[in-house]
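Student: To start, I am sharing the structure in question, which I have written as C-alpha cells.
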Amino acid sequence: MINLTNKVAIVTGGGKGIGESISRVLAKQGASVHILDIDKENGTRVAESINTSGKKALFHYCDLTNHDAIDDIFKNVYKQSESLDILINNAGIAHIGNVETTTPNDIDRLYNVNIKSVYSCLHFGIPLMKKSGGGSIVNMASIASVVGLADRFAYTMSKGAVYSLTFSIAKDYVNDNIRCNAVGPGRVHTPLVDNYLKDNYTGQEQEMFEKLSKTQPIGRMGKPEEIANLVAYLCSDEAAFTTGSFYPIDGGFQTLNT
Ligand SMILES: NC(=O)c1ccc[n+]([C@@H]2O[C@H](COP(=O)([O-])OP(=O)(O)OC[C@H]3O[C@@H](n4cnc5c(N)ncnc54)[C@H](O)[C@@H]3O)[C@@H](O)[C@H]2O)c1
C-alpha cells in the first residue's frame, strides 16, 4: 500500500539500529534515501547494500552536532534531487543517571545530539520542504517522552523536548502542507541496547537482556523494522490526515504495566 516513489528522504542516524531499518524500508517503498551519520563504516555499508538491492541511497558523513555541516549537506541534497519530501530525525544517544549523578557535560552532550541536531535539521529542512510543495517529518521520540524511567534523567528530558517540539512544528507549518509527527518506541533491540548492556552489565548481558525484554508486557523488545514500518506509513500519502500526533509503539509498556 505504501508508495514512496520519487520521494526524497533524509534519515539521520541511518547507519545502524532503527535508522538503518528506516532507511531500508523507505528505499524499498521507492524513496531516494540520504543517510546522515557520524559512523562512516556503517553508513556506507547501509547505502551500498540498498543500492545493491536495486533501490536508491547515498551516505553523507555528518556529525549532527555541527549546525553548518547540516546546512551544507541539506543544500547539496536539494541541489542534486530538487526536492526534499521526507525528514526523519532519528539519531540519538542514551545516557544513564539521575539528576545527582548527571554532570553538566552529560547535559550538554545529550542536548547537542538529541535536541539541537533536531533543531538544525528542521531549521534547514523546512525551507527546502516548502520549496518542494510540502512534506512529512517524523521525529524519533521515546516512550521516555511521556513516562518516568528510572535513572534516565538527561535522556528523558531530551526526549520530552523532541515530543513537544513536534507539536510546535506541526502547528507552524500546517498551512505549508508539511506534516510533523513523533514516534515513541519502547525498548527496541539495536546496537544502542547492546552497548548499554556491554558497558553496564559486563558478564550478565544475557540475563539483563531477558529482564529488559520482559519489561514490555508483550514479552520481548521491539524489532527495528517494526518501528520503521510505522515511520514509513507516517511518511506516505496514506497518512495525509495525520499531523501533530505522537505514536507510542512499545509492546504495551505505557498502558499495560500496572
Ligand atoms: N533502541 C531503543 O530501545 C530506543 C527506544 C526509544 C527511542 N529510541 C531512539 O531511537 C533513535 C535510534 O536509536 P537506536 O537504538 O537505533 O540507536 P543506535 O545507537 O543503534 O543508532 C543511532 C545512530 O545514530 C548515529 N549518531 C549518534 N550520534 C550522532 C551524531 N552526533 N551525528 C551523526 N550520527 C549520530 C549513530 O552513529 C548510529 O548510527 C534514538 O533517537 C533513540 O533515542 C531508541
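The values are calculated or read from the model by the stated rules, or taken from the named source; none is laboratory data. Quick caveat, the model's predicted, so the values are computed rather than measured. Here Cβ is always computed from backbone atoms with ideal geometry, including for glycine, and neighbour counts include all displayed protein chains. Quick note on the areas: whole protein, heavy atoms, side chains included, nothing else; ligands and nucleic acids left out. Shrake-Rupley method; radii C 1.70, N 1.55, O 1.52, S 1.80 Å.
Student: Yes or no: Met140 within 13 Å of the chain's Cα centre (by Cα) and either under 25 Å from His34 (Cβ atoms) or surrounded by fewer than 21 Cβ atoms within 10 Å (Cβ to Cβ) (or both)?
Tutor: yes
For every residue, the table says whether it meets (1) assigned by TED's automatic domain parsing to the domain that holds Tyr119; (2) part of a helix (DSSP H, G or I); (3) buried (at least 16 other Cβ atoms within 10 Å of the Cβ).
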{"site": "Ala170", "(1), (2), (3)": "yes, yes, yes"}
{"site": "Asp199", "(1), (2), (3)": "no, yes, no"}
{"site": "Lys211", "(1), (2), (3)": "no, yes, no"}
{"site": "Leu230", "(1), (2), (3)": "yes, yes, yes"}
{"site": "Phe241", "(1), (2), (3)": "yes, no, no"}
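Student: Enumerate the pairs (first residue in segment 88-115 and in a loop (DSSP other than H, G, I, E, B); second residue anywhere and more than 10 Å from the ligand (Cβ to nearest atom) and polar (S, T, N, Q)) with beta-carbon separation below 7 Å, excluding pairs fewer than 6 apart on the same chain, so at least 6 apart or on different chains.
Tutor: What qualifies is Ile96/Asn200.
Student: If you don't mind, there's one more thing I want to ask. Go through Ile10, Ile38, Ile2 for me and flag whichever is among the hydrophobic types (A, V, I, L, M, F, W, C) and in contact with a His (Cβ under 7 Å, 6 or more places away or on another chain).
Tutor: That would be Ile10, the only listed residue that is among the hydrophobic types (A, V, I, L, M, F, W, C) and in contact with a His (Cβ under 7 Å, 6 or more places away or on another chain).
Student: Would you please name the residue that is surrounded by the most Cβ atoms within 10 Å (Cβ to Cβ), looking only at residues in segment 79-125 that are of a type in the set (Ser, Thr, Tyr) and under 30 Å from Tyr173 (Cα atoms)?
Tutor: The qualifying residue surrounded by the most Cβ atoms within 10 Å (Cβ to Cβ) is Ser117.
Student: Got at least one residue in segment 56-77 being open to solvent by 10 Å² or more (accessible area, probe 1.4 Å), away from the ligand (no atom under 16 Å from the Cβ) and part of a loop (DSSP other than H, G, I, E, B)?
Tutor: no
Student: In segment 245-258, what residues are open to solvent by 30 Å² or more (accessible area, probe 1.4 Å) and within 18 Å of the chain's Cα centre (by Cα)?
Tutor: Of everything in segment 245-258, those that are open to solvent by 30 Å² or more (accessible area, probe 1.4 Å) and within 18 Å of the chain's Cα centre (by Cα) turn out to be Ser245, Phe246, Tyr247, Pro248, Ile249.
Student: Something else about it: Just need a number here: residues in segment 180-197 that are over 27 Å from Leu87 (Cα atoms) and in the same structural domain as Ser168 (by TED's automatic domain parsing).
Tutor: Going through segment 180-197 one residue at a time, the tally reaches 0.
Student: So, one more: Identify, please: which residue in segment 213-228 is within 12 Å of the ligand (Cβ to nearest atom) and assigned to a helix (DSSP H, G or I) and is, among those, farthest from Asn3 (Cα to Cα)?
Tutor: The residue in question is Ser213.
Student: Further, regarding this structure: Does any residue of segment 88-101 turn out to be more than 16 Å from the ligand (Cβ to nearest atom), closer than 18 Å to Ala57 by Cβ and either in the same structural domain as Asn195 (by TED's automatic domain parsing) or touching a Gly at 6+ places or on another chain (Cβ under 7 Å) (or both)?
Tutor: There is no residue in segment 88-101 that is more than 16 Å from the ligand (Cβ to nearest atom), closer than 18 Å to Ala57 by Cβ and either in the same structural domain as Asn195 (by TED's automatic domain parsing) or touching a Gly at 6+ places or on another chain (Cβ under 7 Å) (or both).
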